[in-house]
Structures are given as C-alpha cells and as structure tokens.
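Bear in mind these aren't lab numbers, they're just calculated from the coordinates by the rules spelled out. From a predicted model like this one, the values you see are computed outputs, not experimental measurements. Note that each Cβ is placed from the backbone with ideal geometry, even for glycine, and that neighbours are counted across all protein chains shown.
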Amino acid sequence: MTSVFLFHELPATVRQSVINQCFRVTQPGGVFIICDSIQVSDSPEMTAMMENFPAMFHEPYYRHYTTDDLEKRLEQAGFTEIRTEVHFMSKYWIAYKPA
C-alpha cells in the first residue's frame, strides 16, 4: 500500500487515524510506503523555506507535519522494520506489518 503527498495535508490527529487504518487493511507481511515532503530534521538548511511554505501555498497543516514523528506514529499502529529514505525534497517511510 502506498500514500503519496497526503500526510502533510492532514491534521495531526487524523494522521494517526489514517495510519491506523492503513495498518488494518495491510495484509500480514505487507508493506506500507509513505512518500511526502521532507521534514526539518532531514534538511535543516531548508527550514526557512518550510516555515514559509504554509503561508505561500495555503497549507494549514504543513508546519506541524515538518516536525511530526511519523516513524513513532507507524510504530504506534503496529508497523515494524520501519526505515526512511530522503531523495531531494521527498521523504519515504517504508514500514512492514508483521506476518
């Protein structure tokens, strides 16, 4: 299952609910991949751009997203073997549902 550029559009409480539902529908042994924007911890030199992005592009939940711990959220839902990859302006979370 994949999600592409969704999580920065969601309020924090909804992010957890969506991850919980993704865990529910992922088959045992399956993989869930999130692709979204980088976060402050990935590119501190881009912090100013990330801070201005919500105002420039009317993205009300983006600022919180840039510091949200999606790895922790994935763990809370039950996913394991979570890893992240950063590719320029995109970040990927790859998480597995135990078999």
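See the values below:
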quantity	calculated
Along the chain, longest interval not containing exposed chymotrypsin sites (Phe, Trp or Tyr not before Pro), exposed being DSSP loop plus at most 14 other Cβ atoms within 10 Å	6-87
The chain: relative contact order in percent, alpha carbon pairs under 8 Å with at least 6 residues between	38
Order of Leu74, Leu6 - criterion: other Cβ atoms within 10 Å of each residue's Cβ, fewest first	Leu6, Leu74
Separation between Cα centres of the range 1-42 and the range 57-99, rounded to whole Å	6
Fewest-first sequence of Thr66, Thr26, Thr2 by Cβ atoms within 10 Å of each Cβ	Thr2, Thr26, Thr66
Size of charge dipole - the range 2-96 - debye, nearest 20, with Cβ of Lys, Arg +1 and Asp, Glu -1, no other charges	300
Ratio Rg/Rh [Cα only; Rh per Kirkwood] for the chain	0.98
Order of Asp69, Asp36, Asp42 - criterion: other Cβ atoms within 10 Å of each residue's Cβ, fewest first	Asp69, Asp42, Asp36
Segment Met49-Met89, extension gain: residue separation times 0.36 nm, minus the distance between their alpha carbons	13.3 nm
Kyte-Doolittle at least 0.0, axis length at least 18 Å by Cα - qualifying DSSP helices, the chain	12-25
